[in-house]
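Notes for the one structure printed next.
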Amino acid sequence: MFGHDADLQPLPVERAAGLPQSTDDEETLTGTADSDPAALQLEKLSLLASHRGSVSEDIPGAPQKQQRRYFTAAMFCLVATLLSADQNLLAPNLTAVARDFNFTDAQRDKYLGGFISAAFFLLGAPAALLIGYLSDTMNRAKLLFWVVLLGEGPCLLTYFVTSYWQLFVLRALTGISIGGCLPLVFNLLGDLFDAQHRANVLSGVLIATGAGTAIGQALAGLIGPATNWRWPFVIVALPSLFVTGIMLALVQEPPRGITEPALQAEFAADANFVYSERITMKQSIALLRVPTNMYVFIQGLFGCLPWGVLLTYLTDYLAQDKGLSVPTATMVTVFWGLGGGVGAVGGGALGQWLYNNISKASMPLFTGITVASATLPMWWLTNANLLTTPIFFTLLLALTGGMLSSTAGPLNKAMLLNVNEPETRGVALAWQSMTDDLGKGLGPALVSGLISALGRQSAFNLAIAGWLPCGALLALVAVSLTKDEAAMQARLAYKLDNHIPHVDGSLPYTNSDT
């Protein structure tokens with residue numbers, strides 16, 4: 001379906017300077033590599049790193065100590081978490097905002113629940129692509145500061161709004177900021193952790209940002225009624241701006257490419273080595289010809305339908321159509337959310353273990369199977385007679401469904417980091433974020449159209465089936481992942497060996513002493 005373009009073909013890794021050539025070296029390669037040229041390429045590059053040294057605490061330009069590396073990652077994660085707290089601040093106090101603007105209940109749902117939510121996500125989607133491109137061309141730590149300022153400045157100014165359109169513009173700006181922040185943070189983490197650790201780290205980030213969203217909504221629900229709906233925006237914005245300033249002062253951008261096997265030997269051998277390649281328009285387009293990228297991008301469009309049901313309609317459907325009380329229906333969705341947290345952490349850890357110890361292909365197979373399997377508990381909740389079912393069993397199924405549906409989050413992002421060069425990851429992650437944000441914005445609207453045509457139950461059954469092609473596409477990554485990783489590492493090795501210059505005459509790799 002997606003072939004490897006000539007520009008993306010794996011190149012002979014033996015051309016990389018210093019690649020081990022002896023018989024003894026070849027004997028250290030595993031038997032699995034003998035039958036898989038792509039695996040052989042990756043193993044040779046890993047062996048090269050082991051011969052000449054890998055990224056360590058002693059390499060100038062790398063994070064100087066392991067503690068420093070984790071501190072840097074924690075700061076990036078904290079900034080993203082605090083920004084995420086802004087995401088749902090409006091939701092608990094929609095009626096109070098509507099009264100301030102003299103809206104009717106219908107206008108409240110249309111203008112506050114509809115238009116602002118759509119702008120928040122739909123404007124955030126293309127913004128993610130722009131910020132992703134910038135992250136591949138400039139200092140990412142400084143860019144993160146400006147992205148957060150773009151979101152939290154308007155958040156703070158929300159306290160002073162006097163009209164609906166002021167509120168609309170400020171929330172749209174915050175949506176742009178949140179849409180661009182996570183791909184930028186994931187891009188940075190890709191240069192702090194290698195392919196054997198990325199899924200675990202990204203799981204933690206996703207849990208932290210999800211917790212930030214929940215904490216922000218809880219604060220708005222508690223503080224808004226006690227004071228007014230404006231104060232939560234101030235309370236969330238100020239610490240976020242403060243922490244972001246600390247991040248800018250204390251944290252340095254990690255060197256691009258320092259975790260890549262094809263470049264590690266050069267980082268170890270030359271204290272002045274700098275990977276200075278930056279993305280070009282040709283490379284941006286070439287991303288769409290990498291099979292792994294395309295499978296991950298497209299699956300998000302199908303996944304928007306079941307998530308549209310979950311995020312917008314499930315609680316009301318369980319209460320109004322299935323006969324549960326509102327507290328019980330809410331508890332079911334809470335258990336699904338708890339399962340999602342377990343699935344993100346546990347699925348990330350298990351997927352990483354499979355990648356490290358079984359095969360690279362086993363990670364996407366695991367992800368595809370679990371996502372497709374999430375249709376079963378969701379279909380059961382949609383169609384079963386819940387009034388005659390023990391509540392314990394219903395909650396257990398909700399917990400299981402949440403676990404199965406949430407494994408893809410960290411693993412998809414880890415796979416994108418693994419198959420794209422350091423200078424293209426920002427755009428690749430932005431494409432994936434963009435399809436997710438479009439799903440969040442369009443998913444509920446598409447499900448609403450299905451409800452109008454089919455009725456709630458039939459519409460939900462059809463929407464939930466979106467996880468089936470989603471899982472199938474992720475499973476297909478098993479065919480392409482190892483080859484795409486090897487192709488990327490070989491391109492790095494080839495450019496390192498040949499020092500291919502840019503059109504402006506600058507080299508993609510430079511030494512400060514030359």
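The values are calculated or read from the model by the stated rules, or taken from the named source; none is laboratory data. From a predicted model like this one, the values you see are computed outputs, not experimental measurements. Cβ coordinates were reconstructed from backbone atoms using ideal geometry, including for glycine residues, and neighbour counts include every protein chain displayed. Surface areas here come from the heavy atoms of the whole protein model, side chains and all, with no ligands, DNA or RNA. Shrake-Rupley method; radii C 1.70, N 1.55, O 1.52, S 1.80 Å.
For the stretch 350-391 versus the stretch 200-246, the inter-centroid distance based on Cα atoms is 30 Å. Note on the stretch 321-436: Kirkwood radius taken over Cα pairs, Stokes-Einstein applied at 20 °C and 1.002 mPa s, translational D equal to 138 µm² s⁻¹. For the residue pairs Lys360/Lys495; Lys142/Lys282; Lys282/Lys360; Lys110/Lys142, the alpha carbons lie more than 30 Å apart in Lys110/Lys142. A simple packing score, the average count of other Cβ atoms within 10 Å per residue, orders the peptides 424-436, 342-354, 220-232 as 424-436, 342-354, 220-232, with the highest score first. Kirkwood's formula applied to the C-alpha pairs of the stretch 172-241 gives a hydrodynamic radius of 14.0 angstrom. From the alpha carbon centroid of the stretch 397-431 to that of the stretch 140-168 is 27 Å.
Peptide packing for 235-248, 471-484 was compared via the average number of neighbouring C-beta atoms within 10 Å per residue; ordered from the highest value, the list is 471-484, 235-248. With each label modelled as a point 7 angstrom along the Cα→C-beta vector, the Trp165-Gln196 pair spans 5.9 nm. With 0.36 nm allotted per residue and the present C-alpha distance subtracted, the Ala384-Asp109 stretch has 96.0 nm of extension available. Evaluate E = 1/(1 + (r/R0)^6) for Met138 and Phe393, where r is the Cβ-Cβ distance and R0 equals 41 Å; express this FRET efficiency to the nearest 0.05. So, using R0 = 41 Å, E works out to roughly 0.20. Relative contact order of the stretch 146-273, taken over Cα pairs closer than 8 Å and 6 or more residues apart, is 33 percent.
Between Leu288 and Thr330, the C-beta separation translates, for a Förster distance of 41 Å, into a calculated FRET efficiency of about 0.50. Sorted on the mean count of surrounding Cβ atoms within 10 Å across their residues, most packed first, peptides 404-414, 299-309 read 404-414, 299-309. Counting only protein heavy atoms and a 1.4 Å probe, the stretch 302-408 has 42 square angstrom of accessible area per residue. Placing +1 on the Cβ of every Lys and Arg and -1 on the Cβ of every Asp and Glu, with no other charges, gives the stretch 244-328 a dipole of roughly 240 debye about its Cα centre. Eigen-decomposition of the gyration tensor built on the alpha-carbon atoms of the stretch 296-341 gives equivalent ellipsoid semi-axes of 24, 13, 5 angstrom, largest listed first.
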